[in-house]
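A short worksheet on the structure shown next.
All of the numbers you see were taken from the coordinates with simple rules; none came from a lab. If you're wondering where the values come from, they're calculated on a predicted model, not measured in any experiment. For neighbour counting, all protein chains shown are included, and Cβ atoms are generated from backbone atoms with ideal geometry for every residue, glycine included.
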Amino acid sequence: MQTSFDMFYETEVPEGELIVSRTDFTGKITYANETFAEISGYEPDELIGRSHNMIRHPDMPKSVFTDLWETLKRGEVWNGYVKNRRKDGGFYWVHARVGTVMKDGKPVEYKSVREPISREKAIEVQNLYDKLRSEEEGTTRVVLYVKNDKLSEAQSLED
């Protein structure tokens, strides 16, 4: 039996950095700051005009985004934790605040500001999201932790 796997690396959002984006009401990105591009691994022009869910990580339960959209439709600001997927398949965790941008008293777009979270919070939220996905979708995530020395041996065998 042949077994293969992909390795995905976590990118930590640096303390003090904010990831900022804006979308139209269909979720297409209209603005992405440099930090968003850098952390996600995309160039800014690869983000603009694309659906924001292009960075949605498969570990995210659907109910989280259902809650986000319902909150926005009520005109409220949504706060929550999000695991995003990078262009290279890796991931990063953020705390997100998403709200409606108003101009002359009328809604014009959504704005999301995301900031880093602690390792402890990421583990706590990952465990919660694993439970939600199991209940909602009947799927379970499997994680394999490999000692760095074993990883180095495996990489040298590939060369």
Requested in this report: Counting only C-alpha contacts under 8 Å and six or more residues apart, can you give the relative contact order of the stretch 1-139 as a whole percent?
Outcome: 28 percent
Report task. Place a +1 charge on the Cβ of each Lys and Arg in the stretch 19-158 and a -1 charge on the Cβ of each Asp and Glu, then give the dipole magnitude about the Cα centre in debye, rounded to the nearest 20. Result -> 340 debye
Report summary line: Here the gain from full extension of Leu128 to Lys106, 0.36 nm per residue of separation minus their alpha-carbon distance, amounts to 4.3 nm
Report task. Return the whole-Å distance between the Cα centroid of the stretch 85-119 and the Cα centroid of the stretch 34-82. Result -> 6 Å
Query - Calculated P(r) tail over 19 Å for the stretch 19-158, as whole % of Cα pairs - result: 58 percent
Query raised in the report: For Lys73, which lysines qualify as cross-link partners when the Cα separation must be under 29 Å and same-chain residues fewer than eight apart are set aside?
Result: Lys28, Lys62, Lys83, Lys103, Lys106, Lys111, Lys121, Lys131
